[in-house]
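The structure appears below as structure tokens.
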Amino acid sequence: MSKNKTAQTRTAAQREQRTEVIASIATVLLFFGILVGFGLVTVFSEKESFSETQNRKLADFPKISGKNIYSGKFTSGVEDYISDHFAGHDRWIAAKTAAELLSGKRERNDIYILDDRLVEKIAEPDMDEVSKSAMGIKQFAEDNHILPYVMIVPTQAEIYKNELPANAPNPDQQAFINDVYSMLDGSAVPIDVYSVMSANKDSYIYYRTDHHWTTQGAFLAYTAAAKKMDITPLSVSDYDIDHASDSFKGTFYSKVLYEGIEPDSIDIWLPADREKEPEVEIYSTFGAEPEIHEGMYFREYLDVKDKYSTFFGTNQPMITIRTGNKGGRLLVFKDSYAHCFVPFMTEHFSEITMVDLRYIQMSYKDIIDVSDYDKVLFLYNASTFMSDRNLKKLMY
Amino acid sequence: MVFSELCFLYYFLPIVMLLYFVSGNKLRNVIIFITGLLFYAWGEPFYVVIMLLSTLIDYTAGRLMDKYDDDNKKRKICLIVSVCMNVGLLAVFKYSDFIFDSINGLLGTSITNPVVLVNRGLNKIYPFGLNEKRVDLPVGISFFTFQSMSYTIDLYLRNIKVQKSFLNFSSYVSLFPQIVAGPIVRYEQVAGELESRTVTVPKISAGAALFVKGLAKKVLLANNVGVIWTQVKAMDYGSISAATAWLGILAFTFQIYFDFSGYSDMASGLGKMLGFEFPKNFDHPYISKSVSEFWRRWHITLGSWFRSYVYIPLGGNRCGAAKTYRNLIIVWALTGLWHGASWNFVLWGLYFGLLIIIERLGFGKVLEKLPSWVSMLYTFIAVVFGWVLFDTDTLSDAGHFIAAMFGAGGSAVDGYFKYTIVSNCFLLVMCILISGGVGSRISEYAGEKSRSFKAVSTAVFVTGGLLLCTAYLVDASYNPFLYFRF
């Protein structure tokens with residue numbers, strides 16, 4: 001009996017020891033297996049030069065030169081190259097998002113991950129800088145003897161503020177917009193879109209995965225603007241709505257690569273009675289002939305990641321639209337929120353020019369003559385208006 | 001190069017280790033020497049020359065001391081040359097800006113640091129890209145000079161035998177695991193291993209586990225909790241709530257511990273894989289029951305260096321009370337200055353020197369009698385206030401920050417605190433548990449209960465930890481190594 005027991009303990013101890021040895025061999029193999037495996041795949045995999053998800057050019061392998069090496073550019077370049085092209089790059093990013101969510105965080109890369117949408121975290125505005133932007137608009141009004149319309153659109157962070165994590169830092173955009181409107185008092189006609197956006201927050205007025213508003217959101221703003229601008233707006237029933245895509249994953253998605261949010265759809269609203277699409281002139285560089293595009297919708301973007309660019313393409317310094325309709329001429333200073341808004345205005349103007357001050361180095365006076373225009377509209381979302389420093393250029 | 005970089009992890013490490021494992025004992029020091037130089041030159045393509053020069057001088061000093069074994073005068077000269085050269089390198093590359101700034105501030109002059117003038121001159125000869133305004137600190141200079149000095153001093157004191165092989169000596173200095181941020185391995189601690197060492201599978205496995213543990217401390221804990229401190233540090237101390245100030249400095253408290261001890265773990269793990277046993281550098285310092293104990297558990301190799309080569313040579317505590325306190329003050333001022341060239345650091349060192357003197361004067365006895373949670377809390381809070389001094393940029397910032405901790409910002413709690421504490425709850429709890437030693441206890445307990453269970457869970461930990469850290473590294477835009485400034 002006792003002999004049997006010793007034998008049993010011995011085999012148990014042996015088994016224990018054997019497991020230990022196997023486990024330590026496995027540890028070594030797994031450790032180096034992971035390192036060598038991903039290392040090799042990274043070297044031999046085909047390299048993309050551009051990342052669609054990140055919307056940026058990926059790092060090239062750095063040039064080997066004495067100067068690069070001594071300045072440390074070579075080594076930091078290699079590290080950038082490896083991280084940009086690391087095997088399974090986007091999956092690692094997604095894995096980090098998952099790990100962060102598991103640890104209880106609801107915020108990643110300045111994006112709040114809510115149950116049914118992503119929302120951008122916005123920094124507190126520097127009001128000194130903002131008042132310079134307001135000064136720019138005032139100066140513009142004075143110089144050109146015109147009363148411009150100003151529309152500052154709240155972003156998701158304001159409209160869905162009650163859904164954000166408790167106490168999440170989030171500047172009050174309603175107060176901000178009111179502040180700016182009162183700075184402009186007497187020099188501009190403010191257009192309130194806050195009320196209409198907030199009243200319709202349960203409709204699909206903002207993308208869930210992108211920082212823009214939807215065409216439906218822009219339509220609400222259009223009806224609000226029409227009242228102020230003495231325009232009789234079309235109604236929803238005047239449009240044929242084309243569901244051009246339902247697989248849009250926007251800029252917020254790119255920042256977190258989180259699959260738990262339903263992709264967005266891109267809707268194109270076409271007036272039912274329109275016979276001919278407007279002609280669009282795109283000025284990407286001044287002095288050269290503009291590029292001509294038939295129609296306002298760049299449907300080739302429906303097949304790529306950046307689907308919002310279906311509306312007038314990517315941001316350009318200046319775009320002129322010859323609508324073929326009767327009416328005056330409209331000048332719009334804008335950010336990209338204007339791109340799905342301006343098509344609604346084509347019904348009421350013969351010509352619309354959009355200027356994006358962020359892409360213009362010279363004075364606006366060098367590229368347009370404001371006296372050619374009947375109406376001027378400043379259209380920005382609150383986040384851009386808080387952070388962009390280009391409106392003050394209107395002072396010169 | 002740093003350990004928490006994809007380039008190191010996925011290329012340098014496996015290539016060096018594979019070469020090392022397949023080579024015989026003779027080639028191994030050659031591999032260590034060459035890879036050490038490459039590792040260092042990767043981050044400091046210019047200053048690698050300085051490291052080599054320092055190695056060469058200390059090696060020669062050692063050989064000469066050996067040659068003139070009976071001539072004490074000549075031996076002393078060799079030692080003085082070696083110490084002056086190492087301290088001189090520190091003075092030039094680490095402290096010259098501080099020295100000239102202090103002089104200029106005091107006298108109202110505007111003397112340019114001559115080292116900067118040399119940089120400008122060198123840049124004219126060849127576009128080295130040297131800094132023309134300030135002196136850039138060569139990575140790891142505070143570590144490799146101290147290591148090198150341990151050799152010549154111990155040789156002079158006849159604690160060790162001379163190293164005749166330049167290869168073996170330079171392998172010691174350029175041993176890549178410890179070159180950048182320690183631990184400060186003294187020559188005598190690895191003298192035997194430099195001649196011959198064994199590499200076995202259990203050692204490699206244990207090394208890998210220790211490495212991944214350190215990597216996880218750095219990448220998963222230090223970097224993430226550090227984000228909180230970065231945010232709080234940048235705020236206006238005049239208007240932050242007391243809770244936010246405390247949260248911020250506690251975040252730094254954890255960040256610096258996990259950053260530094262993580263780096264030491266990674267170094268020791270790599271050392272193990274190469275067949276070296278490095279001395280322990282951290283032993284759960286935040287559960288110390290006195291400041292004196294804290295310093296026996298925090299950066300242990302630095303403390304023991306100063307004890308062996310400064311405190312004891314000065315007479316230690318054997319020459320009466322007055323001299324003991326003088327010696328303590330010198331050691332702690334130097335310890336502070338070692339951490340960085342600014343008055344904040346000197347004051348930080350003296351602050352600990354003062355607390356240790358108070359403890360020696362009798363407060364230590366009181367602490368022993370108090371319930372252990374009280375003495376732990378005292379020590380922890382004393383250390384946390386030390387970190388304010390350590391990581392704010394100027395003395396006046398430190399003052400304002402401490403005021404904010406006592407409510408000078410006007411409120412007790414604000415939205416930032418509430419939001420941040422909730423979203424980082426899991427992270428902070430992990431920081432508390434692991435720095436408190438719960439993780440190590442569990443692992444020890446598992447090892448006693450069942451060695452096979454521990455071995456299997458180690459394999460799982462290494463795999464999971466490495467993959468998770470990789471996800472964070474691929475994503476990393478925030479990955480500064482705190483200990484690079486020293």
Report summary line: Diffing segment A:103-109: the Karplus 3J(HN,Hα) column from phi (6.51, -1.76, 1.60, θ = phi - 60°), in whole Hz with x for Gly and Pro, holds 7, x, 7, 10, 10, 8, 6
Requested in this report: Rounded to whole Å and ordered largest first, report the semi-axes of the equivalent ellipsoid of chain B derived from its Cα gyration tensor (root of 5λ).
Outcome: 34, 30, 25
Query raised in the report: Rounded to the nearest 5, what is the percent of antiparallel bridges among the DSSP beta bridges in segment A:259-365?
Result: 70
**Report entry** Amide N of segment A:223-260 lying under 17 Å from the label point, which is placed 7 angstrom from the Cα of A:A272 along Cα→Cβ
**Finding:** A:233-243
**Report entry** Partner aspartates and glutamates for A:K326 [C-alpha distance under 17 Å; skip if fewer than 8 residues away on the same chain]
**Finding:** A:D230, A:D273, A:E275, A:E277, A:E279, A:E347, A:E351, A:D372, A:D374
Requested in this report: Using DSSP, restrict attention to beta bridges with both residues in chain A and report what percent are antiparallel, rounded to the nearest 5.
Outcome: 60
Requested in this report: Taking the convex hull of the Cα atoms, report for chain A its projected area averaged over all directions, in nm².
Outcome: 29.9
Query raised in the report: Label points 7 Å out from Cα along the Cβ direction at B:W373 and B:R197: separation in nm?
Result: 4.4
Requested in this report: With springs only between Cα atoms under 10 Å apart, run a GNM on chain A and tell me which of A:A59, A:A26, A:A87 wobbles the most.
Outcome: A:A26
**Report entry** Euclidean distance of C-alpha centroids, segment B:1-62 and segment B:445-471, integer Å
**Finding:** 29
Report summary line: A correct Karplus calculation of ³J(HN,Hα) over segment A:359-371, with 6.51 cos²θ - 1.76 cosθ + 1.60, θ = phi - 60°, whole Hz and x for Gly and Pro, returns 10, 10, 8, 8, 6, 4, 5, 6, 10, 9, 10, 4, 5
**Report entry** Per-bin percent of Cα-Cα distances, the protein assembly as shown [20 Å]
**Finding:** 12, 36, 32, 16, 3, 0
Report task. Search the structure for amide H atoms under 5 Å from the amide H of A:N381, placed 1.01 Å from N in the peptide plane, and list their residues when 5 or more places away or on another chain. Result -> A:V153, A:D335, A:Y337
Query raised in the report: Which value results for Rg/Rh of segment B:65-156 when Rg is the Cα radius of gyration and Rh the Kirkwood radius based on the inverse mean 1/r?
Result: 1.12
Report task. Could I have the simple spin-label model distance between A:D240 and A:D366, label points 7 Å from Cα toward Cβ, reported in nm to one decimal? Result -> 4.4
Report summary line: With Rh as the Kirkwood radius over Cα pairs, segment B:127-284 has Rg/Rh of 1.09
Query raised in the report: Against the longest alpha carbon principal axis of chain A, how many degrees, from 0 to 90 and to the nearest 10, is the axis of helix A:127-144 turned?
Result: 30
Requested in this report: Provide the FRET efficiency to the nearest 0.05 for the A:K326-A:S103 pair, computing r from the beta carbons and using R0 = 56 Å.
Outcome: 0.40
Query - In sequence order, calculated HN-Hα J values of segment A:332-344 (Karplus, 6.51, -1.76, 1.60; Hz; x Gly/Pro) - result: 10, 9, 7, 10, 6, 4, 5, 5, 9, 8, 4, x, 5
Report task. Measure nothing fancy, just the Cα-based angle from helix A:173-183's long axis to the longest principal axis of chain A, in degrees from 0 to 90, nearest 10. Result -> 30
Requested in this report: Would you work out if segment A:316-396 is rounded, prolate or oblate? Take a ≥ b ≥ c from the square roots of the eigenvalues of the alpha-carbon gyration tensor; rounded if a/c is under 1.5, else prolate when a/b is larger than b/c, oblate otherwise.
Outcome: oblate
Report task. Residues in segment B:442-470, backbone N under 15 Å from the label point at A:Q17 (7 Å along the Cα-to-beta-carbon vector): list them, ranges by number please. Result -> B:451-452
Report summary line: Between B:L137 and residues 5 or more places away or on another chain, the pairs with built amide H atoms under 5 Å apart involve none
Query raised in the report: Spin-label point model (7 Å from Cα, Cβ direction): what's the B:I80 to A:E129 distance in nm?
Result: 5.9
**Report entry** Amide proton proximity set for A:S245, modelled H, under 5 Å, gap of 5+
**Finding:** A:I266
Query raised in the report: Roughly how many whole Å is it from the C-alpha centroid of segment B:144-191 to that of segment B:235-268?
Result: 32
Query raised in the report: Using alpha carbons only, how many degrees (0 to 90, rounded to 10) separate the axis of helix A:2-44 from the longest principal axis of chain A?
Result: 40
Query raised in the report: What are the DSSP H helices in chain B that stretch 20 Å or more along their long axis, judged by alpha-carbon atoms, and whose average Kyte-Doolittle hydropathy comes to at least 0.0?
Result: B:25-43, B:48-67, B:72-90, B:141-156, B:201-216, B:242-274, B:321-339, B:343-358, B:372-391, B:451-475
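All of the numbers you see were taken from the coordinates with simple rules; none came from a lab. As the structure is a computational prediction, the values presented were derived from the model and not from experiment. With ideal geometry, Cβ positions are generated from the backbone for all residues, glycine too; neighbour counts draw on all protein chains shown.
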